[in-house]
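One structure below.
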Amino acid sequence: MNEYDSNRILDLANKIDYTVTKELSEANCYILNTCHIREKATDKVYHDIGRLKKNFRNKVKPIVLVAGCVAQAEGDILLKKEKYIDAVIGPQSYHKINETILKLEKKFKSINMTEFDVVEKFDTLNNIKNLDNKVSSFLTIQEGCDKFCKFCVVPYTRGAEYSRSIEELIQEANQLVDNGAREINLLGQNVNAYNYREKKLSDVITAISKIKNLDRIRYTTSHPKDFTEDLIAVHKNCKKLMPMVHLPVQSGSNKILKSMNRNHTVEDYINVITKLKKTRPDIKFSSDFIIGYPGETFEDFKKTIELMNEVQFINSFSFIFSPRPGTPAFNLDEINQNDAKNRLTNFQLIAQKIKNNYRKKLINKKTKVLFENKMKIGNQYFGRDEYFNSVIVESNEDLTGKIKNIKILKGDHNSLYGEVASNINETNYAA
Ligand code: SAM
Ligand code: SF4
């Protein structure tokens with residue numbers, strides 16, 4: 001979502017003639033868009049500012065803004081502690097970026113823009129063309145969260161759930177496709193909680209699937225509790241929707257899920273997975289896990305491993321619980337950190353083994369890849385298959401923006417490597 005926000009900040013700043021520089025040292029305005037989901041985020045801000053100071057030693061100081069969730073959570077603290085920062089601007093206030101920059105040009109100091117103006121933000125953004133021209137583009141359809149998992153800062157930094165109107169989403173999706181997007185990834189902290197005048201995520205998917213020249217649709221991140229029947233059904237009915245779902249579960253223990261306030265059980269989660277598999281047998285899953293949440297015993301941890309083995313996630317993101325100031329879990333007693341580290345190592349080994357086994361089976365098979373860009377080395381092109389696996393192919397033909405049938409030859413931890421097997425009719429998917 002920060003990538004989407006950064007692009008939109010740029011679209012806005014273009015209006016007052018600010019553009020991206022090739023080199024950091026050429027910039028006269030520096031906007032650092034930040035994430036606050038785990039600790040060290042604030043340290044990273046100070047570190048980056050330190051780097052900037054070095055870069056601009058003996059030069060005119062650039063305007064320095066900190067945007068995003070660190071700005072929202074720690075606004076005044078940042079301004080007081082680091083005088084090099086001229087302004088902080090929260091994720092629901094960034095439509096005011098231009099008035100902030102113009103004030104800073106006039107030597108205003110220490111501006112704090114951290115109001116929750118999400119309606120005003122999207123009203124402003126809707127009038128500014130989205131200039132993102134990537135083959136695979138993000139489109140924020142929903143923001144904020146009302147779920148209040150006890151470990152999570154999102155409800156405090158992004159605010160309450162807000163869904164954009166379906167009309168403005170269609171308009172922006174059309175802009176992206178006109179700019180060259182072949183794939184759109186619909187974004188939301190709780191993307192399947194999307195609800196605009198009774199329209200749901202499945203309606204957004206169906207509506208944008210009608211756009212000619214758009215081949216692929218994805219959405220992220222969804223919550224098990226909001227996985228309604230219509231969303232399950234759209235996985236069968238919409239051929240442009242990719243058969244890959246990122247569905248965070250956090251833990252395989254009902255006791256831990258309850259203490260996290262996740263509002264779903266392991267059985268609820270498996271139920272969603274089973275229904276999706278029935279609807280779309282080739283579907284695969286990825287997930288997020290928090291290891292070492294307060295109160296997690298070895299028995300609880302074993303249940304998380306059992307879940308991993310049962311679902312066979314082809315990708316996963318796992319982190320040790322990070323106590324976030326201002327969240328209810330912040331004051332809970334942490335488990336022994338050595339135990340937490342060992343569990344994370346164990347868990348990641350198992351996750352990697354499952355991923356490797358899955359990838360081994362892809363060798364010598366064909367897969368459809370949408371190529372996103374030429375890489376820096378030689379004639380290599382980077383793309384993704386339907387399951388979001390990175391695929392790298394060497395080719396004399398410019399593959400950017402094309403879908404090709406690729407034969408996978410080998411793979412490593414990060415990517416699969418293959419060769420073009422045959423062309424696919426590029427308007428291959430029916431809506
Ligand atoms: N809304 C999504 C959901 O409920 O599944 C997740 C969005 S959250 C921004 C992304 C991921 O960050 C979460 O799934 C969780 O695994 C991780 N996360 C959030 N807070 C965390 C914390 N305090 N410590 C460790 N990981 C955390
Ligand atoms: Fe955070 Fe997701 Fe829970 Fe909302 S549902 S509080 S975004 S983890």
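The values are calculated or read from the model by the stated rules, or taken from the named source; none is laboratory data. These numbers were taken from a predicted model, which means no experiment stands behind them. Counting neighbours? That spans all protein chains shown, and the Cβs are built from the backbone with ideal geometry, glycine included. Each accessible area value is taken on the protein alone, full model and side chains, heavy atoms only, with ligands, DNA and RNA left out. Shrake-Rupley method; radii C 1.70, N 1.55, O 1.52, S 1.80 Å.
The residues of the chain expose, per residue, 47 Å² of accessible area to a 1.4 Å probe.
Measuring with a 1.4 angstrom probe and ignoring ligands and nucleic acids, residue 361 comes out at about 140 Å² accessible. Net length available on complete extension from residue 348 to residue 99 is 85.1 nm, with 0.36 nm assigned per residue and the Cα-Cα distance removed.
Its Cα gyration tensor gives the chain an equivalent ellipsoid; the semi-axes, largest first and in whole Å, are 34, 29, 23. Net charge dipole, the range 2-115: roughly 540 debye, given to the nearest 20, about the Cα centre with Cβ charges of +1 for Lys and Arg and -1 for Asp and Glu. The accessible surface of the chain, taken with every protein chain in place and a 1.4 Å probe, is 50 percent carbon and sulfur.
Report, for the range 129-242, the % of DSSP beta bridges that are antiparallel, rounded to 5. Could the numbers behind the result be given before it?
Details: 4 of 15 bridges.
Restricted to the range 129-242, the bridges split so that about 25 percent are antiparallel.
Once C-alpha pairs closer than 8 Å and six or more residues apart are averaged by separation and normalised to the residue number of the range 2-115, the relative contact order reads 25 percent. Amide H to amide H distances under 5 Å link residue 261 with 150, where only residues 5 or more positions off or on other chains count and H is placed in the peptide plane. I want the antiparallel fraction of DSSP beta bridges within the chain, as a percent rounded to 5. Taking every DSSP beta bridge within the chain, about 40 percent pair in antiparallel fashion. For the range 270-284, putting each phi into the Karplus relation 6.51 cos²θ - 1.76 cosθ + 1.60 with θ = phi - 60° gives couplings of 4, 4, 5, 4, 4, 5, 5, 5, 5, 6, 9, x, 8, 6, 10 Hz, in residue order, rounded to whole numbers and with x for Gly and Pro. Each residue of the range 232-245 was assigned a 3J(HN,Hα) from its phi angle through the Karplus expression (A = 6.51, B = -1.76, C = 1.60, θ = phi - 60°), giving 5, 5, 5, 5, 8, 7, 10, 5, 7, 7, 6, x, 9, 10 Hz with x at Gly and Pro. Against the empirical curve 2.2 N^0.38 Å, the C-alpha radius of gyration of the range 129-242 lands at a ratio of 1.04. Once backbone amide H atoms are built at 1.01 Å from N, residue 317 has 287, 288, 289 as its partners under 5 Å, excluding neighbours fewer than 5 places away on the same chain.
Take the Cβ atoms of residue 3 and residue 207, set R0 to 25 Å, and the FRET efficiency comes out at 0.60.
Determine the dipole magnitude for the chain: charges of +1 sit on the beta-carbon of Lys and Arg, -1 on that of Asp and Glu, nothing else is charged, the reference point is the Cα centre, and the result goes in debye to the nearest 20.
Taking the Cα centre of the chain as origin, the dipole is about 1020 debye.
Over the range 1-127, the alpha carbon radius of gyration divided by the compact-protein estimate 2.2 N^0.38 Å works out to 0.99. Each residue of the range 366-420 gets 70 Å³ once the volume of the Cα convex hull is shared out per residue.
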